[in-house]
Every structure is written in C-alpha cells, then in structure tokens.
1. With of a type in the set (A, V, I, L, M), at pLDDT below 95, surrounded by 10 or more Cβ atoms within 10 Å (Cβ to Cβ) and assigned to a helix (DSSP H, G or I) as the only criterion, which of 42, 19 stands out?
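The values are calculated or read from the model by the stated rules, or taken from the named source; none is laboratory data. Note that this is a predicted model, so its numbers are computed, not measured. A quick note on method: Cβ atoms are made from the backbone with ideal geometry, for glycine too, and the neighbour counts reach across all protein chains shown.
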Amino acid sequence: MTMEEIKSDLLDRGEIQRIWESKMEVEKSRGLEVDSAYLASIRDLEQERIVQENARAELLRQKAALDCQKQLLSSLKEEVDEMSNKLAREKFKHVDEQCDLSGTIHELQVKHEALLDKKSMLEAKIEALRKLRSWVEDEARRSQARAKVLEEVERRWKWEEQ
C-alpha cells in the first residue's frame, strides 16, 4: 500500500475527518478554557484595580490626616515656643522685681530700725523730761512751801517789830 492508498482509505473511512474534528473539539474546549481563564483574569484584575484604588484613596486620606496633624503640631510648637518665650520674659521680669523688692525691703528695714532707734531715744527723752518735770514740780512745791514759810517768818518778824 502506498501512501496515496492509505490516505484514500483513511479519507473513505472518515478517520481523518474524525481526528480533525476531535482535535478541533479539543482546541475549541481549550479556547473556551482560555477565554474563561481570560475573563476570570480580567475580573480578578478589575477587582484588584478596585482594591488598589480603595487602598490608594485610604492612603490619600491618611496622608491628608497626617498633613493636618503635622500642621497642627507645627502650630502647637509655635504656640509652645511663644509661651516659653513669654514665660522666660515673665521670669526675668519677676526676678528683676524680686531684686527691686529685696532692695526696697532692705531700705525699709534700715529706715524702720532708724525710726525705732529714734523712737527709743524720744521715749528716753520723754521719760527724762517727765522726771525733770516731776523734779521741777517737786522743787517748785518745795520752793513755794519755803516761800510761804519765809513769808510767814517775814510777816511774824514784821509783826514783832511793830
């Protein structure tokens, strides 16, 4: 049998046609599987795209929140710096006022001590003047008493001379 005869025999029995149809069915089935896998991949890619877009949107929201927090933190830092500077100025002013107040207190204490010394001296002088007055009054009474005695003596003496 020659090649032509075998070919003709196979064609007559329809085996070549069946083989080609079988192969076509396999390829068709494979094509359907590929199409199905392709469509599943497209769906998966679409879902992944949605997931990625959602993740990107969430990241953008987080970035916006972080930017807002960063701005707030910066504002708070500026406010704290201003408060620190103000506190430092107030502390310096307070220390300066304390120094002035200490000086004033010292001066007032010196003046107070001087006034107390003067008061003591004045009280001593007042006491001395009281004692002097009392002595002068006592002496005046004695002098008056002596003067009365002398007047009485003079009167008697004049009386006796008459």
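1. Details: 42 fails: at pLDDT below 95.
Just one listed residue meets the conditions, 19.
Results for (1) of a type in the set (Asp, Glu); (2) at pLDDT below 90; (3) surrounded by 10 or more Cβ atoms within 10 Å (Cβ to Cβ), shown as yes or no for each residue.
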{"position": "4", "(1), (2), (3)": "yes, yes, no"}
{"position": "46", "(1), (2), (3)": "yes, no, yes"}
{"position": "51", "(1), (2), (3)": "no, no, yes"}
{"position": "55", "(1), (2), (3)": "no, no, yes"}
